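Worksheet: one structure, shown below.
The values are calculated or read from the model by the stated rules, or taken from the named source; none is laboratory data. None of the values given here were measured: they were computed from a predicted structure. So basically every Cβ, Gly included, is an ideal-geometry build from the backbone, and we count neighbours across all protein chains shown. Please note that ligands, DNA and RNA were not included when accessible areas were found on the heavy atoms of the full protein model with its side chains. Shrake-Rupley method; radii C 1.70, N 1.55, O 1.52, S 1.80 Å.
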Amino acid sequence: MLANPVMTASGTYGYGTEYEHTFNIDGLGAFVCKGTTLEPKEGNAQPRITETPSGVLNAIGLQNIGIKSSC
């Protein structure tokens with residue numbers, strides 16, 4: 001059970017490290033980060049986003065700082 005029902009929407013606060021000096025995430029019931037892997041991952045090479053006649057294709061490749069950096 002959560003201490004309170006307030007949590008971030010998925011990825012809106014990155015990994016929390018970006019806002020640690022402006023917002024105390026310890027007061028949240030949960031922190032929902034972006035996709036994370038055990039080791040840091042650079043993601044796919046550029047370009048990662050392209051327009052097509054049917055819409056936009058996105059292939060970021062789970063770029064992330066790794067689990068040890070996000071704790």
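Restricted to segment 25-71, and to residues that are closer than 23 Å to residue 9 by Cβ, open to solvent by 80 Å² or more (accessible area, probe 1.4 Å) and more than 14 Å from the chain's Cα centre (by Cα), which residue is modelled with the lowest pLDDT? Quick ask: steps written out before the conclusion?
The initial filter retains those residues of segment 25-71 that are closer than 23 Å to residue 9 by Cβ, namely 25-37, 41, 43, 48-49, 55-56, 58-67, 69-71.
When the remaining residues are screened for being open to solvent by 80 Å² or more (accessible area, probe 1.4 Å), the result is 26, 34, 41, 49, 56, 58, 62-63, 71.
Imposing the further condition that a residue be more than 14 Å from the chain's Cα centre (by Cα) reduces the set to 26, 49, 56, 58.
Working: 26: 82, 49: 93, 56: 95, 58: 90.
Step by step, filter segment 25-71, then rank; the result is 26.
Residues of segment 1-24 being under 17 Å from the mean Cα position of the chain (by Cα) and either open to solvent by less than 50 Å² (accessible area, probe 1.4 Å) or modelled with pLDDT of 85 or more (or both), which ones?
7, 8, 11, 14, 15, 16
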